Structures are given as structure tokens and as C-alpha cells.
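Novice: This structure is in C-alpha cells; I'll ask about it shortly.
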Amino acid sequence: MSMGNGDYKYPATGVECAHRVAVPPLQPFTKTLKTSLKETFFPDDPLRQFKNQPASRKFILGLQYLFPILEWGPRYSLQFLKADLISGICIASLAIPHGIANQPPILGLYSSFVPPLVYAMMGSSRDLAVGTVGVGSLLMASMLGNEVKASEHSQTYLHLAFLATFFAGVFQASLGLLRLGFVVEFLSHATIVGFMGGAATVLCLQQLKGILGLDHFTHGTDIVSVMRSVFTQTHQWRWESGVLGCCFLFFLMLTKYFTKRKPKFFWVSAMAPLTSVILGSLLVYLTGAERHGVQVIGNLKKGLNPFSLSELPFGSPYLSTAIKTGIVTGIIAPAEGIAVGRSFAMSKNYPIDGNKEMIAFGMMNIAGSCTSCCLTTGLFSRSEVNFNAGCKTAMSNIVMAMAVMITLLFLTPLLHYTPIVVLSSISIAPMLGLIDYDAAIHLWKVDKFDFIVCMTAYIGVGFGSVEIGLVLAVAISLLRMLLFVARPRTSVLGNIPNSKIYGSVDQYPAASTVPGFLILEIDAPICFANAGYLRESILRWIYEEEDKLEAAGESSLQYVILAMGAVGNIDTSGISMLEEVKKSMERRGLKLVLANPGGEVIKKMNKSKFIGVLGHEWIHLTVGEAVGACNFMLHTCKPKAMADDSSMV
């Protein structure tokens, strides 16, 4: 009953309690479902801007949501244009040489023209610069190459690559529209570090074909196959090509190191790849190195992207492979792009909507697949240059696309003498940055399990295949997530000296246990996956505590308090487990007490009638109140029991 001052006295025992644990008011099912769906799919409440707006305004806001260019475009100024023009030229100086470093070279240029235009209209990041990603190309080569036993330059392979890009775009856009972008987050940081490192290692080794001037090379995507292909052709190594490649790679790494030491000279490393292309082309042209074994890219097709929609082989026998490749690459590619965009957005303090980015990536890949482009996403190297150059909006991507368009229309003949070895060096330089050994060392220091996930991905990609590395890393990550749920930690709490606070005795060695009490904290929701484990764990703690008290000759155990502040939810299996634990404890003469159950937990306990089975008096708001109430009962019941015994005598 209420005592008038906010305190509560449990009728069954007369024990006063500072606060009673309240059962939340019953909510209609539709309201509960709406809240759950909102928390699952709309945690950032993207529709809040539409509230209390007229229909015409909602239509405009909807267009601005899908096409952010309609939001910042009307406010665009000449000052912004100057900054974006400089940024766009800087990233174009990276996009052109990196584009022709693809195989075949013209596809890289195509992929730096149409997709950036789409992203500039639909992307929410001001700093992200998009283009082809080497890891995605490797993944496609690995998955499609297992089916298409032909040269990478074959029409069949290219059409399948466009088809896989189309399905990747459809998958990405669907995830964004359905608010399922969180699926990408199942790729943990450790997985991405290992996967990217392994893929970058393979890509760097594959460039030895160009560095050493080899004509024939393996289509395998593992380190062993690549190294076997390199060292079984030692008689075909061209020393001229090797020297030239090493010199240009040294130049590129030197500019990168200089820029890292002097960030204000970001343009030095940004211009280095294009400078390498120009110098390499002049060197080959003036010395006639092409006649002495230095390979060049030759003639590139002049003109803008040809349409490829009619060439997408939807009736191909390899359709299932293309769909599978599209889904896998559709998850891998945006994981890096969104992470890059968010990192720069945090520096400028503006929000990035992951689902909007998924829609933008998806639409640019759909558009790209119809215009002879391969998989594109946000790239760290270009975005870093874009950020350091002082870009203001996504207009820098449009400037880059215009520079690539001019190259496609007028400048491709000038690229005829570009040495393959220079392009190999340009490909290796950014890949070396993806082998993030500092991150791996950090994982080892902080979390050994994450380090194992990272190395599994790296070894799987490097010595197996891209698919093997990805599957192993994701499987181990999911296993760990399941272990977090299925094997939650339980720890003993003790009273921290000179306070009423109870903390883990492992974390606070000075905390002292309370005689006659075993206080256990559960740090996870209780569900079918961990109910059996928790039952056994709680009973094990009880057995150990009783054995310890018996050996020390101390007073016997009376109460077991479960601190449930970290238990966010409970299901019927969890409630059944608590009922079983209560019965087991009663057979041993112990009392079960609950402390600080959350609203969802106490609501389900109330609906299942467990509160009535346990008793309101055994549920308290804090561990301190639970200990106080139990001590009160312990000391008041004992004298009464002694008085009853003496009267019977």
C-alpha cells in the first residue's frame, strides 16, 4: 500500500521500499508495432522534416530527399564554384590515370564519367569522390572468372561484368529504399581491414605482370597462383620495364610521403599519377622504348560511353553467377564508400544518411551498367584529395566528370604511348595504403578475437579466394555475435566502500560482498538462445558460493539477487528459466530477488503472471534497495522465529 510520501509498503511482509518497480501502462498493439518498426527502419527519423507541412512542400522535400542537388543547388554561389573547380581538377588528375590503369583501360575512363554525375545529383556527401574500386574488380574477376574461362577482355566477360554491376546497383538501391542499409554493418571493421588488406596484396602482386613486362599471366586471384606465374617466367622478365616501374613507384610513394608530412601540399600527390603518365609517355615516345620491350596501352576508343543496356545478357547461362556476384559486390563496395563519406562528414559536422547513400550508389551503378561502366563506389584516395582541396559540394564530382569527358572526346590519342608499367605503378601506390598494418596491430592490442577475424579474412583472400576470405570472416564475425547473445557474461557484484553503489568485484577489487547474499549481474537480453546457459551459470554461481561459505565457516547463503539493469528484453524462454531457477533455489532454502528490471522485462513478467509467482516484494528498483529490504526481513524474521520457538517450549 502507499504510505503517502511516495514510499511503498509490500502488504505481504510490511517491508518499506523507497520506490516500487512500475509496470508500464498497457499500449495498443498497433502503437507498439509502429514504435518497433520505427526504431528498426527509421532510427534517424528521416521523415521529421515532413511533419506539419502542406502537400506541396512535402512533394518538394521528397524530391530534395532523393535528389540533394535540388537542396544545395539553389544556394550555390560563385565562391563555392571556385572551391569545387579546384577540387574537381585535383581529383580528375587522379581519376584519369587510375581509370586507364584498369583492364581494359577505356572502361576506367567510362566509369569516371557517368557514375559521378549520378552521385552528384543523388549523394548526400559533400566530400565523397567516386570511381572504380580495385577490390570490387578483383572480386568480380574471381567470381566471374570461375565460370567464364576466357580472357578478361572477352565480350562475354565484359557483358557479364556489366550485368553483375546492374544487379549490384539494384541490390544497393533496394536496400536503401527498404531502409535495410544496416545490413552492410554486418561487415565488421576487422573484417573490412583484413579483406581490403588481402585484396590489396593480391592486386599489388598482379601488377607484377606490367612491372616485369610479361605477356602471359595467371587469371588466379590468390598469392600462390600469382607468384607461381611470376617465377615460372623469369626468362621473360624485361629489366627495362622493371627499372622504369620501380622508378615511377618510388616517385609516387615519395610524393605520398611528402604530402602526409606536409598536408597543405596535397596537390603534389594528387598530380603525381598524371605527371607519371605524361613523363612515361614522353619517355617512350622520345626514346622509342616501345620497340625495346616496354609495353604501351595503344589506341583507345575515342568518344563518350556507348550504351550497353541492350548488351546486358539477361538470358545468359551465367545469370545466376552474375546475380550472386552483384549481391556480394553490392555489399562490399558501399561498406567502404559509406565509411569514407561518414569519416569526412564528421570533420565538417554534417549528417550522412546511410540509406540515402545506398540509393545513390545503387542508381549510379544501374546507370553505369547501361553505359559500359564497371562497379563504382566512394574511394578514400580521391575523397581525401577532394577534402583537402577544400570542396564545398558534390559539384566537384561534376567537374571531374567534365574533365574525363574532355579526355574521352579529344585526348585519348595522346594516351597511346602511356607505358603499361607506369599504370601498374599507379595501381600499386594506392593499394599499398589499403594494407593497414597499423589497424591490425591496434586490433591485436585491443581485441584478440577481432584480430583473428582480420587475419582470417586476409589469409582467406590472399591464399584462397576473395569469396573464401569473405565467407570465413563473415562467418567468424557472426559466430562472435551469436556468442555475445548465447553466452552473456554474469558477474558477482559487491558494495563499493563508502557508497551505496554495487559494482563488479572483478572491476572493483575493493568492493565487498554482502554476507548472506549472492548478487549477480546479467549483461544481455534473456532469450531462448541463452536461457539454458544462464540457468546453469546462475546455479553454478550458487553452488560455488555455498561451497566457499561452508569452507570458510561463514553464515549460510540466504538471498540471490539478479541485477537486471542490462537486460533490455526477455522472451518466454527467459521467463520459464527464471521460474525454474526460483524452484531450484526454493528447494535449497534460498530466495530469488530481482533488481532494476527494465520496462519491457517487467511488462512481460506481469503478462506471464511471473510477478505474482515471485511476489512484488522480491522485485526492487536498485540493488541497494534489494539488499536493504532483504536485510530488514532477515533481522525482523529471526527474532520473531525465536519468540515462536520459546513460546512452544
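Novice: Tell me which residues come under 5 Å, amide H to amide H, from V296 once H is placed; ignore anything under 5 positions away on its chain.
Specialist: When sequence neighbours closer than 5 places are left aside, the close amide H contacts are I420.
Novice: Given L443, N365, V421, which one lies farthest toward the positive end of the charge dipole of the chain, if we put +1 on the Cβ of every Lys and Arg and -1 on the Cβ of every Asp and Glu?
Specialist: Of L443, N365, V421, it is N365.
Novice: Oh, and also: Restricting attention to segment 302-383, which chymotrypsin sites (Phe, Trp or Tyr not before Pro) occupy a DSSP loop and are surrounded by at most 11 other Cβ atoms within 10 Å?
Specialist: F307, F314
Novice: Follow-up question, since we're still on this one. Is it possible to state the helix-based mean residue ellipticity at 222 nm for the chain, with each DSSP H run of 4+ residues giving -39500 (n - 2.57), the sum divided by total residues, to the nearest 500 deg cm²/dmol? What is it? It would help to have the intermediate numbers written out before the result.
Specialist: Values: 26 runs with 385 residues, N = 649.
Mean residue ellipticity, 222 nm, calculated: -19500 deg cm²/dmol.
Novice: Any idea what the dipole of segment 66-203 comes to, in debye rounded to 20, about its Cα centre with Lys/Arg Cβ at +1 and Asp/Glu Cβ at -1? Please list the in-between numbers first.
Specialist: Numbers: 5 positive and 6 negative charges, 34 e Å.
So the dipole magnitude of segment 66-203 works out to roughly 160 debye.
Novice: Find the relative contact order for segment 451-575 and round it to a whole percent, using C-alpha pairs within less than 8 Å whose residues are 6+ positions apart.
Specialist: Numbers: 172 pairs, mean separation 28.1, N = 125.
Computed over segment 451-575, the figure is 22 percent.
Novice: Which order do you get for R342, R382, R291 if you rank them by accessible area with a 1.4 Å probe, largest at the top? Can you show the working numbers first?
Specialist: Values: R342 95, R382 0, R291 195 Å².
Output order, biggest surface exposure first: R291, R342, R382.
Novice: Considering only DSSP beta bridges where both residues belong to the chain, give the percentage that are antiparallel (nearest 5). Working shown, then result.
Specialist: Details: 15 of 28 bridges.
Here the share of antiparallel DSSP bridges comes out near 55 percent.
Novice: Can you give me the C-alpha center-to-center distance between segment 538-552 and segment 21-76, rounded to a whole angstrom?
Specialist: Comparing the Cα centres of segment 538-552 and segment 21-76, I get a distance of 53 Å.
Novice: Can you return the aspartates and glutamates within cross-link range of K607? Criterion is Cα-Cα under 17 Å, with same-chain partners fewer than 8 residues away left out.
Specialist: D571, E579
Novice: Right, here's the next one. Can you give the charge dipole size of the chain about its Cα centre, rounded to the nearest 20 debye, using +1 on the beta carbon of Lys and Arg and -1 on the beta carbon of Asp and Glu?
Specialist: Details: 51 positive and 44 negative charges, 323 e Å.
Here the chain has a charge dipole of around 1560 debye.
Novice: On to the next question. Where a Cα-Cα gap under 18 Å defines reach, which aspartates and glutamates qualify for K302, not counting those fewer than 8 residues away within the same chain?
Specialist: The qualifying aspartates and glutamates are none; the list is empty.
Novice: Considering amide H positions built from the backbone, and no H for Pro or chain starts, which residues 5 or more places from T371, or on another chain, come under 5 Å of its amide H?
Specialist: When sequence neighbours closer than 5 places are left aside, the close amide H contacts are S308.
Novice: Moving on to the next point. Which entries of K31/K51; K38/K609; K34/K604; K260/K348; K500/K548 show an alpha-carbon separation above 22 angstrom in the structure shown?
Specialist: Numbers: K31/K51 18 Å; K38/K609 29 Å; K34/K604 19 Å; K260/K348 20 Å; K500/K548 25 Å.
Those over the limit are K38/K609; K500/K548.
Novice: Got a sec to turn the phi values of segment 209-226 into Karplus ³J(HN,Hα) couplings, 6.51 cos²θ - 1.76 cosθ + 1.60 with θ = phi - 60°, whole Hz, x for Gly and Pro?
Specialist: Going residue by residue, I get 4, x, 4, 8, x, 7, 8, 10, 8, 5, 9, x, 10, 10, 4, 4, 4, 5 Hz, with x marking Gly and Pro.
Novice: Set the Förster distance to 45 Å, then compute FRET efficiency between L478 and F307 from the Cβ-Cβ distance, nearest 0.05.
Specialist: On the way: r = 41 Å, r/R0 = 0.91.
Once rounded, the FRET efficiency stands at 0.65.
Novice: Over all directions, what mean area does the Cα convex hull of segment 465-607 project, stated in square nanometres? Spell out each step's value before the answer.
Specialist: Working: hull surface 45.3 nm².
Over all viewing directions, segment 465-607 projects a mean Cα-hull area of 11.3 nm².
Novice: Can you list residues whose amide H is under 5 Å from H620's amide H, if they're 5+ apart or on another chain and H is modeled 1.01 Å from N?
Specialist: L594, A595, N596
Novice: If you average the C-alpha positions of segment 294-366 and of segment 480-520 separately, how far apart do those two centres end up, in angstrom?
Specialist: First find each Cα centre; the distance between them is then 49 Å.
Novice: Right, here's the next one. Taking 7 Å along the Cα-to-C-beta vector as the label spot, tell me the V485-L409 distance in nanometres, rounded to one decimal.
Specialist: Using points 7 Å along Cα→Cβ, the separation is 5.5 nm.
Novice: What are the extents of the Cα atoms of segment 59-163 along their three principal axes, listed from largest to smallest and rounded to whole Å?
Specialist: 52, 34, 19
Novice: Moving on to the next point. What per residue convex hull volume, in Å³, comes out for the chain when only alpha-carbon positions are used? Intermediate results must be reported in sequence, preceding the final value.
Specialist: On the way: hull volume 146.6 nm³, N = 649.
Dividing the Cα hull volume of the chain by its residue count gives 226 Å³.
Novice: So for the chain, averaging the separation of alpha carbon pairs under 8 Å that are six or more residues apart and normalising by length, what relative contact order in percent results? Intermediate values should be presented prior to the final figure.
Specialist: Details: 1089 pairs, mean separation 142.9, N = 649.
Normalised by residue count, the contact order of the chain is 22 percent.
Novice: Report the extension gain between D547 and S347 in nm, rounded to one decimal, defined as 0.36 nm multiplied by the number of residues separating them, less their alpha carbon distance.
Specialist: On the way: separation 200, 0.36 × 200 = 72.00 nm, distance 5.64 nm.
Extending this stretch completely gives an extra 66.4 nm.
Novice: Compute the distance in nm between two label points, each set 7 Å from the Cα along the Cα-to-Cβ direction, one at F632 and one at K82.
Specialist: Placing both labels 7 Å beyond Cα along the Cβ direction yields 7.4 nm.
Novice: Shifting gears a bit: Each residue of segment 567-577 in order: what ³J(HN,Hα) in whole Hz does its phi give by Karplus 6.51 cos²θ - 1.76 cosθ + 1.60, θ = phi - 60°, with x for Gly and Pro?
Specialist: Residue by residue, segment 567-577 yields 8, x, 7, 8, 10, 5, 5, x, 5, 4, 5 Hz.
Novice: What ranking of E384, E536, E336 comes out by heavy-atom accessible area, probe 1.4 Å, highest first?
Specialist: Details: E384 75, E536 105, E336 30 Å².
Accessible-area ranking of E384, E536, E336, largest first: E536, E384, E336.
Novice: Please list, by residue number, every one of the trypsin sites (Lys or Arg not before Pro) in segment 61-131 that is coil in DSSP and has at most 15 other beta-carbon atoms within 10 Å. Could you put the intermediate results ahead of the total?
Specialist: On the way: sites: R75, K82, R126; in loops: R75, R126.
Passing both the DSSP loop test and the Cβ count: R75.
Novice: On a straight-distance basis, which aspartates and glutamates could pair with K392 in a cross-link, Cα separation under 19 angstrom, same-chain partners fewer than 8 positions away excluded?
Specialist: E71, D84, D127, D353, E357, E384
Novice: In addition: Work out from phi, with θ = phi - 60° and the Karplus expression 6.51 cos²θ - 1.76 cosθ + 1.60, the ³J(HN,Hα) of each residue of segment 481-494, listed in order in whole Hz, and give x for Gly and Pro.
Specialist: 4, 5, 5, 4, 7, 7, 10, x, 6, 10, 9, 7, 9, x
Novice: Classify segment 122-276 from the C-alpha gyration tensor, please: rounded if a/c falls under 1.5, else prolate or oblate depending on whether a/b exceeds b/c. Mind dumping the intermediate values first?
Specialist: Numbers: a/c = 2.07, a/b = 1.18, b/c = 1.76.
Since a/c reaches 1.5 but b/c is at least a/b, the shape of segment 122-276 is classed as oblate.
The values are calculated or read from the model by the stated rules, or taken from the named source; none is laboratory data. This structure is a prediction, so every number in the text was calculated from the model and none was measured. Ideal geometry is used to build each Cβ from the backbone, glycine not excepted, and the neighbour counts take in all protein chains shown. Only protein heavy atoms, including side chains, enter the accessible area calculation; ligands, DNA and RNA are left aside. Shrake-Rupley method; radii C 1.70, N 1.55, O 1.52, S 1.80 Å.
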